[in-house]
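Novice: Right, I'll just put the structure down here and ask away after.
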Amino acid sequence: MSGGSFDIDAPRWDLTTFTGRLKHFFNITDFTTALLPDSRLDEAKALVESCRAGSVPPGTPEEQLHYAKKLYDSAFHPDTGDRMNIIGRMSFQVPGGMAITGCMLQFYRTVPAVVFWQWVNQSFNALVNYTNRNAASPITSNQIGVAYLTATTTALATAVGLNLYTKKAPPLVARWVPFAAVASANCVNVPMMRQQEILNGIAVTDENGNKLGHSKKAAVKGISQVVLSRIIMAAPGMIILPIIMQRLEKYKFMQKITYLHGPLQVMLVGAFLVFMVPAACSLFPQNCTMAVSKLEPELRDSIRGRYGESVHHVYFNKGL
């Protein structure tokens with residue numbers, strides 16, 4: 001196969017549909033890719049770049065090119081092409097998320113345990129949010145610190161407050177406290193970690209990739225979709241699993257193996273996340289669109305002044 005006959009950046013599935021995006025994200029959030037050494041990922045990147053340059057080694061199977069692109073998409077930032085830290089990759093969401101979420105659901109009864117696991121979770125989320133930000137909008141160390149402290153404080157205040165408030169509530173209500181904390185913290189963590197995009201706008205282009213300017217409204221739309229996706233990603237495991245565990249714990253065999261409840265919850269959370277990570281990422285297209293008419297007046301007028309009515313929509317990467 002020659003490089004000129006294969007467009008490695010052409011999507012394998014229709015990314016304008018939920019089903020197509022679901023297949024795509026099942027592909028790139030495959031947690032087994034997080035186990036590969038950096039040398040293997042760098043080889044995949046080299047093959048992808050060779051293909052883009054039209055110089056694929058003769059005889060390279062098409063499936064090998066698809067796999068190289070899978071590894072590239074799972075480990076390298078779409079804006080910069082830099083290898084992302086392993087903990088922040090979406091392919092690490094299943095192993096990382098299942099361990100932390102399982103522990104949050106298991107150790108929810110005491111305030112120290114709630115504080116510790118919410119802190120661990122927000123540290124993990126902050127790293128994921130930073131890693132998957134729109135890299136065209138840089139953020140300073142001070143801004144990262146403020147974002148991290150604000151989100152962590154929000155999560156802890158929500159978790160501890162609700163934990164104390166639900167002492168006399170039905171047991172199931174107390175089990176849902178971790179989800180309330182996670183949801184509220186996501187509403188703070190993602191916008192704060194990506195505040196530069198909200199303050200200065202996000203780069204928008206036409207359908208051919210030509211830069212048209214920066215839009216704060218586009219940034220708000222993209223970040224709002226990411227927040228909603230993150231909450232939905234966590235919801236089934238953190239809402240349904242407590243119901244399952246409460247019912248299981250009534251059986252005598254479960255009462256005899258209390259030391260296995262934690263590992264069991266971690267495994268069950270993992271089962272939820274294997275599906276929910278790609279499903280939540282698929283809810284909205286990563287390359288968002290926005291009507292020119294909905295942009296800020298100055299940007300809208302600038303685009304229409306340069307292109308007239310020929311540009312109807314702008315495009316931007318909302319991040320993950």
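The values are calculated or read from the model by the stated rules, or taken from the named source; none is laboratory data. Every value quoted in this text rests on a predicted model; they were computed, and no experiment measured them. Virtual Cβ from ideal backbone geometry, glycine too; neighbours counted across all protein chains shown. Accessible surface areas use protein heavy atoms only, side chains included; no ligands, DNA or RNA. Shrake-Rupley method; radii C 1.70, N 1.55, O 1.52, S 1.80 Å.
Novice: Does segment 271-288 contain at least one residue that is open to solvent by less than 50 Å² (accessible area, probe 1.4 Å) and in contact with a strand residue (DSSP E or B) (Cβ under 7 Å, 6 or more places away or on another chain)?
Specialist: Yes, segment 271-288 contains at least one residue that is open to solvent by less than 50 Å² (accessible area, probe 1.4 Å) and in contact with a strand residue (DSSP E or B) (Cβ under 7 Å, 6 or more places away or on another chain).
Novice: Here's a follow-up. For the list (1) touching a residue at least 60 places away in the same chain (Cβ under 8 Å); (2) closer than 30 Å to G262 by Cα, I need the number of the one condition that I100 fails.
Specialist: Unmet condition: (1).
Novice: Anything in segment 234-270 that is open to solvent by less than 20 Å² (accessible area, probe 1.4 Å) and not aliphatic (A, V, I, L, M)? List them, or say none.
Specialist: G237, P242, H261, G262, Q265, G270
Novice: Here is a follow-up. Which of the following residues is open to solvent by less than 50 Å² (accessible area, probe 1.4 Å) and under 24 Å from T258 (Cα atoms): A147, A113?
Specialist: The match here is A113.
Novice: Looking at segment 141-160, I want the residues that are polar (S, T, N, Q) and have a partner that is surrounded by fewer than 16 Cβ atoms within 10 Å (Cβ to Cβ) and modelled with pLDDT of 80 or more with Cβ atoms under 8 Å, at least 6 apart or on another chain. Which pairs are those?
Specialist: T152/W119; T152/S123
Novice: Restricting to segment 45-78, and then to whatever is over 15 Å from F6 (Cβ atoms), touching a residue at least 12 places away in the same chain (Cβ under 8 Å) and not basic (K, R), can you tell me which residue is most open to solvent (accessible area, probe 1.4 Å)?
Specialist: Among them, the one singled out is P78.
Novice: Is segment 31-40 home to any residue that is over 19 Å from I86 (Cβ atoms) and assigned to a helix (DSSP H, G or I)?
Specialist: no
Novice: Right, another one. For segment 1-23: of the residues being at pLDDT 90 or above and assigned to a helix (DSSP H, G or I), which is surrounded by the fewest Cβ atoms within 10 Å (Cβ to Cβ)?
Specialist: T19
Novice: Based on this model, can you work out whether V182 counts as crowded, with 20+ Cβ neighbours inside 10 Å, in a helix (DSSP H, G or I) and either at positive phi or at pLDDT below 85 (or both)?
Specialist: yes
Novice: Let me ask another. From the list R247, R230, pick out the single residue that is basic (K, R) and within 19 Å of M98 (Cα to Cα).
Specialist: Only one candidate passes the filter, namely R230.
Novice: Further, regarding this structure: Identify the single condition in (1) on the phi > 0 side of the Ramachandran plot; (2) open to solvent by 40 Å² or more (accessible area, probe 1.4 Å) that G81 does not satisfy, given that it satisfies every other one.
Specialist: Going through (1) on the phi > 0 side of the Ramachandran plot; (2) open to solvent by 40 Å² or more (accessible area, probe 1.4 Å) one by one, G81 breaks only (2).
Novice: Would segment 291-305 turn up any residue that is part of a helix (DSSP H, G or I), over 12 Å from the mean Cα position of the chain (by Cα) and either within 25 Å of F92 (Cα to Cα) or at pLDDT below 85 (or both)?
Specialist: In the first step, residues of segment 291-305 are kept if they are part of a helix (DSSP H, G or I); the result is 292-294, 297-305.
Subset that is over 12 Å from the mean Cα position of the chain (by Cα): 292-294, 297-305.
Filter once more, keeping what is either within 25 Å of F92 (Cα to Cα) or at pLDDT below 85 (or both): none.
Looking for residues that are part of a helix (DSSP H, G or I), over 12 Å from the mean Cα position of the chain (by Cα) and either within 25 Å of F92 (Cα to Cα) or at pLDDT below 85 (or both), one finds none in segment 291-305, hence no.
Novice: How many residues are open to solvent by less than 50 Å² (accessible area, probe 1.4 Å) and among the polar types (S, T, N, Q) if we restrict to segment 220-233? Please lay out each step first, then the result.
Specialist: Taking segment 220-233 as the starting set, the residues that turn out to be open to solvent by less than 50 Å² (accessible area, probe 1.4 Å) are 222-223, 225-227, 229-231, 233.
Now narrow it down to the ones that are among the polar types (S, T, N, Q): 225, 229.
Adding up the residues that qualify gives 2.
Novice: Confirm whether M90 is closer than 26 Å to A157 by Cα and open to solvent by less than 40 Å² (accessible area, probe 1.4 Å).
Specialist: Taking the combined requirement at face value, the residue does not satisfy it.
Novice: Here is a follow-up. List the pairs whose first member sits in segment 191-219 and is closer than 23 Å to R230 by Cβ and open to solvent by 10 Å² or more (accessible area, probe 1.4 Å), whose second member is charged (D, E, K, R) and part of a helix (DSSP H, G or I), and whose Cβ atoms are under 7 Å apart, counting only residues at least 6 apart or on separate chains?
Specialist: Once the first residue is closer than 23 Å to R230 by Cβ and open to solvent by 10 Å² or more (accessible area, probe 1.4 Å) and sits in segment 191-219, its partners that are charged (D, E, K, R) and part of a helix (DSSP H, G or I) give I198/K216; K217/K294.
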